[in-house]
Amino acid sequence: MHPFALERPRDLSAALALGAQAGRNDAVAEYIAGGTDMVQLLQEYVRRPDRLVSLAGLLDDAIDVGPQGLRLGAAATMAKVAVHQDVVGQFPLISQALLNSASPQVRNVATMGGNVLQRTRCPYFRDVGYEACNKRAPSSGCAAMDGENRWHAVLGTSDSCIAVHPSDLAVALVALDAEVEISGAGGTRTVPLADLHRLPGATPHLETVLEPGEVIAAITVPAGAAGLRSHYLKVRDRASFEFAVVSAAVALDVADGRIRQARVALGGVATKPWRIPNVEQALSGMSLDSGEFRSAAALAADGAQSRGHNEFKIELMQRAIVRAVETAGARA
Ligand SMILES: Cc1cc2nc3c(=O)[nH]c(=O)nc-3n(C[C@H](O)[C@H](O)[C@H](O)COP(=O)(O)OP(=O)(O)OC[C@H]3O[C@@H](n4cnc5c(N)ncnc54)[C@H](O)[C@@H]3O)c2cc1C
Ligand code: SF4
């Protein structure tokens, strides 16, 4: 592990000032929250900050539901959010995505902010023995392009990077039109979660729109997302403690057996949480027993590009959408 100074600032403004200095390796400042991802990256020399700024005790961990919708403090743990009565009752998609993530031990300490900012599980990114990784070392190449790319993305890719965004929670949140409250030394701002992560393009090391030193303070979900019929389907190589090969988050507004509005997002197949408006539009107006979901799901493959080992994901993601829509539609 590269030696670093652990800073424990007394308040958030001190943390923001320190974070702005510490964010020199890439666009995301070197903060640590629950540490479940960051410590692994430190141990493997993937991250080598001189300073690590602890956010412990500095950010809100409240979970509130009001007329505006749901607000999750960035420090709220995955475990607490997953079983919170109002989340389970009104925003079950979030609870399902969380309970399908990681393990109870990880969920007990991992936070909302850290979850949506966790780094890719691309094995070449996480093993510094491989020199070619544009995300870890800009302009070094990409070992995954012609390497083992079964886990990699087929949507939102570029010639520089095909790494999958790993968060299940972010996929559910993007389907529910969530927003992120961001705090920095210059003040606060709000961005849609769908715009938080960047496409890799030619600069895959720039993963989010956060400026150096900025933190996620909270995540909000509008009230309109409450009470929809929803389902989070996660296909993975083993039943627990495993990331998605493909996942589908679906939330439906249903009236008289017909879909009025659909929200659909994919995980495990794209470089960022992937909302699919063309599929949503095609689903709108369909009867729940029409048996036509497959034609709508096929539109998810528009623009999909495989690199060999991950070809199967293009078919699997369409099947996952169909199953998730059927399951969501069957809920009371
Ligand atoms: C074995 C294992 C299995 C897992 N399986 C899954 C899975 O199936 N699905 C899934 O979604 N996840 C999975 N995870 C990932 C896990 O959910 C994340 O590690 C966790 O959510 C990160 O939260 P944290 O608070 O520990 O973040 P940290 O590790 O502390 O930080 C992660 C990143 O976020 C930044 N950061 C943290 N908080 C903030 C903030 N408020 N503002 C700005 N930057 C911040 C840090 O600088 C760092 O870059 C797994 C992890 C492990 C170890
Ligand atoms: S896919 Fe992205 S993260 Fe993985 S080796 Fe290529 S550049 Fe690095």
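Among the strands (runs of 3 or more DSSP E) contained in the range 217-306, which hold 1 or more residues that are basic (Lys, Arg) and open to solvent by 50 Å² or more (accessible area, probe 1.4 Å)?
229-235, 258-267
Check whether at least one residue in the range 63-81 is near ligand 1 (Cβ under 9 Å from one of its atoms), in contact with an Asp or Glu (Cβ under 6 Å, 6 or more places away or on another chain) and in a loop (DSSP other than H, G, I, E, B), and report yes or no.
Checking the range 63-81: at least one residue is near ligand 1 (Cβ under 9 Å from one of its atoms), in contact with an Asp or Glu (Cβ under 6 Å, 6 or more places away or on another chain) and in a loop (DSSP other than H, G, I, E, B).
If you check every pair at least six apart or on different chains, which have Cβ atoms under 7 Å apart with a residue in the range 196-222 that is at positive phi and at pLDDT 95 or above first and a residue that is aromatic (Phe, Trp, Tyr) and more than 16 Å from ligand 2 (Cβ to nearest atom) second?
Qualifying pairs under 7 Å: none.
Of all the residues that make up the range 93-102, how many are surrounded by fewer than 22 Cβ atoms within 10 Å (Cβ to Cβ) and touching a Ser or Thr at 6+ places or on another chain (Cβ under 7 Å)?
Total satisfying the criteria: 0.
Among what's in the range 157-173 and is open to solvent by less than 20 Å² (accessible area, probe 1.4 Å) and more than 13 Å from ligand 1 (Cβ to nearest atom), pick the residue that is nearest to Tyr232 (Cα to Cα).
Ala163
Search the range 142-154 for residues that are within 16 Å of ligand 1 (Cβ to nearest atom) and pair each with any residue that is open to solvent by 10 Å² or more (accessible area, probe 1.4 Å) and assigned to a loop (DSSP other than H, G, I, E, B) when their beta-carbon atoms are under 6 Å apart and the residues are at least 6 apart or on different chains.
Ala153/Val164; Ala153/Thr271
The values are calculated or read from the model by the stated rules, or taken from the named source; none is laboratory data. Bear in mind the structure is a predicted one, so any value in this text is a computation, not a measurement. Ideal geometry is used to build each Cβ from the backbone, glycine not excepted, and the neighbour counts take in all protein chains shown. Quick note on the areas: whole protein, heavy atoms, side chains included, nothing else; ligands and nucleic acids left out. Shrake-Rupley method; radii C 1.70, N 1.55, O 1.52, S 1.80 Å.
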